[in-house]
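Chemist: Could you have a look at this structure, given as structure tokens, before my questions?
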Amino acid sequence: MNTYLAIDFGGGSGRVMVGSIHQGVLKLKEVYRFPNRQVHLGGHIYWDFLAVFEEMKAGIRQAVRQGYSIRSIGIDTWGVDFGLIDKNGNLLGNPVCYRDARAEGMPEKLFGEAELSAHYAEAGIQVMHINTLFQLCSMKKSDDVQLRVADKLLFMPDLFSYYLTGVANNEYCIASTSELLNARTRTWNRGLIERLGLPQSLFGDIVMPGTVRGRLKPEICEELGLSGEVEVIAVGSHDTSSAVFAVPQAEGQQAFLSSGTWSLLGVEVPQPILSEEAHKAGFTNEGGVGGKIRFLQNITGLWMLQRLMAQWKGEGKNVDYDYLLSAAEASDITSVIDVDDPFFQSPHDMEVAIAGYCHKNSSQIPASQGEYVRCILQSLAQRYKRGIEQLNLLLPTPVKQLHIMGGGCRNGLLNRLTSEALGTPVYVGPIEATAIGNILVQALAEGEIKDRSEIKEII
């Protein structure tokens, strides 16, 4: 029986999942989990790539020790962030986190209003300063030495794959988050890259999900105790693209909500929607598995709650999830905040930030943990309602149901508030959508299944 490894990196943790398929049943098991943290150093925020690369290898080694015969590996991560390597394959520095402030204000410096509309008609990506385009432009503006000597740009899943295989390429789904692709041709926007003065050589071959990226280097196999050739498969390497691929198909227009640190709300469409109306509504066209486009909005998700919980834990307060949701359920606060306000992107004190926002907008200020949680969750539900309303204005047929997947679908209160706000059916799961989608693409690439409908049960 073939065993596939799904290596899934999130903003707070990573895990290694093993998966196998037998008679239409997909079996999943987590074999290793590890922390992934942001490191504040010298006025910047970095990812500790070296540490998490070692943790990834430890997870693969654990799978080997448990007796799994590994056929292939697929890697997915969050979007937009990248590492730069020189012509000898050396990593030039730890990747900078998208929450770093280096690119703040760059969109306004690069594009006027008319230019933004023309740019959207090519890229189809929601303009956000965190995107790769603006991170690179900030590096160019500061004459960053890394950019001067770099040979290749590798997005996070590309970077992990490169140091496993020695093969450098860029997976389509993750590359589409950069704002540097032509949405129609699904290739690098070479004209834009030239206009921005960025080195053309940085941007390599784009590979589609289901492509073999390379094979584990012999020294990696020896280090990890692997025998035989193990392929690294390009999956939907932006985690949301893998998650959406795992959503059960339904009749009628179905929207998806990938609920986690970020909320990604949208639909799958065959071709990008590049209208000015889509641009003004903040929609983005990201690459999906099987040639699909994920037409969606990036919405701040459970990040605010995660930051609050971390803060409360440091203060010695109760941060049991069930306790907090129960307290929120009992709360009757009605305050609603704009979860996408830059004010909440990375405040030093999230509780103070929420209280300050409520005061500024003459709303009731939360006075307990339950009220803070309730305020966040009902604000998210109202934001999802607005997103669906905006979707319906742009689609030929309205959304009939919403499918919530990812870790956030465990939040029963948020699911209920969302259903009440939308007035449409809300379906929940799978919780492990990202890992499932990752493994399904590997199984397709290896010829074990012909399409995802062959999976009848997931255990």
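The values are calculated or read from the model by the stated rules, or taken from the named source; none is laboratory data. Nothing here was measured: the structure is a model prediction, and the numbers come from that model. Cβ coordinates were reconstructed from backbone atoms using ideal geometry, including for glycine residues, and neighbour counts include every protein chain displayed.
Chemist: Scan segment 347-364 and give yes if some residue there is in contact with an Asp or Glu (Cβ under 8 Å, 6 or more places away or on another chain) and closer than 25 Å to A246 by Cβ, otherwise no.
Modeler: no
Chemist: Scan segment 288-316 residue by residue and report those that are outside any helix (DSSP H, G or I) and more than 30 Å from E371 (Cβ to Cβ).
Modeler: Across segment 288-316, the qualifying residues are G288, K292, I293, R294, F295, L296.
Chemist: A further question on this structure: Which of the residues spanning segment 28-57 are of a type outside the set (D, E, K, R), under 23 Å from E432 (Cβ atoms) and exposed (fewer than 15 other Cβ atoms within 10 Å of the Cβ)?
Modeler: P35
Chemist: Of everything in segment 371-413, what is of a type in the set (A, V, I, L, M) and either in a helix (DSSP H, G or I) or within 14 Å of G301 (Cα to Cα) (or both)? Give them in sequence order.
Modeler: Within segment 371-413, V373, I376, L377, L380, A381, I388, L391, L393, L394, I404, M405, L413 qualify.
Chemist: Going residue by residue through segment 123-143, is there one that turns out to be of a type in the set (K, R) and within 23 Å of the chain's Cα centre (by Cα)?
Modeler: No, segment 123-143 contains no residue that is of a type in the set (K, R) and within 23 Å of the chain's Cα centre (by Cα).
Chemist: Ok, one more. Can you tell me which residues in segment 336-370 are in contact with a Pro (Cβ under 9 Å, 6 or more places away or on another chain) and charged (D, E, K, R)?
Modeler: Of everything in segment 336-370, just one residue is in contact with a Pro (Cβ under 9 Å, 6 or more places away or on another chain) and charged (D, E, K, R), namely E351.
Chemist: If the requirement is being within 24 Å of I431 (Cβ to Cβ) and assigned to a strand (DSSP E or B), which of these qualifies: V267, V244?
Modeler: Result: V267 is the single residue among V267, V244 that is within 24 Å of I431 (Cβ to Cβ) and assigned to a strand (DSSP E or B).
Chemist: Same structure again: Tell me which of these M405 doesn't satisfy, since it passes every other one: (1) surrounded by fewer than 20 Cβ atoms within 10 Å (Cβ to Cβ); (2) under 30 Å from E351 (Cα atoms).
Modeler: For M405, the exception is condition (1).
Chemist: Condition test on Q364, is it surrounded by fewer than 20 Cβ atoms within 10 Å (Cβ to Cβ), touching a strand residue (DSSP E or B) at 6+ places or on another chain (Cβ under 7 Å) and in the same structural domain as A327 (by TED's automatic domain parsing)?
Modeler: So Q364 fails the test.
Chemist: Restrict the check to segment 100-117 and report whether at least one residue is touching a strand residue (DSSP E or B) at 6+ places or on another chain (Cβ under 9 Å), surrounded by fewer than 14 Cβ atoms within 10 Å (Cβ to Cβ) and assigned to a loop (DSSP other than H, G, I, E, B).
Modeler: Yes.
Chemist: Next question, about the same structure. May I ask you to verify whether L257 is touching a Ser or Thr at 6+ places or on another chain (Cβ under 7 Å), touching a residue at least 40 places away in the same chain (Cβ under 8 Å) and part of a strand (DSSP E or B)?
Modeler: Here the answer is yes, as L257 does meet what is asked.
Chemist: Ok, one more. Given the conditions (1) more than 20 Å from G290 (Cβ to Cβ); (2) touching a residue at least 40 places away in the same chain (Cβ under 8 Å); (3) more than 19 Å from the chain's Cα centre (by Cα), report the number of the one that N182 does not fulfil.
Modeler: Against the list (1) more than 20 Å from G290 (Cβ to Cβ); (2) touching a residue at least 40 places away in the same chain (Cβ under 8 Å); (3) more than 19 Å from the chain's Cα centre (by Cα), N182 comes up short only on (1).
Chemist: Scan segment 146-154 and give yes if some residue there is part of a strand (DSSP E or B), more than 16 Å from H44 (Cα to Cα), more than 17 Å from the chain's Cα centre (by Cα) and not assigned by TED's automatic domain parsing to the domain that holds G282, otherwise no.
Modeler: So far as segment 146-154 goes, yes, one or more of its residues are part of a strand (DSSP E or B), more than 16 Å from H44 (Cα to Cα), more than 17 Å from the chain's Cα centre (by Cα) and not assigned by TED's automatic domain parsing to the domain that holds G282.
Chemist: Across segment 406-433, which residue is modelled with the lowest pLDDT among those that are among the polar types (S, T, N, Q) and either in the same structural domain as S20 (by TED's automatic domain parsing) or touching a Leu at 6+ places or on another chain (Cβ under 9 Å) (or both)?
Modeler: The qualifying residue modelled with the lowest pLDDT is T424.
Chemist: So, of the residues in segment 171-187 that are part of a helix (DSSP H, G or I) and of a type in the set (S, T, N, Q), which turns out to be surrounded by the fewest Cβ atoms within 10 Å (Cβ to Cβ)?
Modeler: S178
Chemist: Does segment 101-120 contain any residue that is touching a residue at least 24 places away in the same chain (Cβ under 8 Å), under 30 Å from A6 (Cβ atoms), of a type outside the set (D, E) and touching a Ser or Thr at 6+ places or on another chain (Cβ under 8 Å)?
Modeler: no
Chemist: Checking T434 against (1) touching a residue at least 12 places away in the same chain (Cβ under 8 Å); (2) over 22 Å from G14 (Cβ atoms), which test does it fail?
Modeler: (2)
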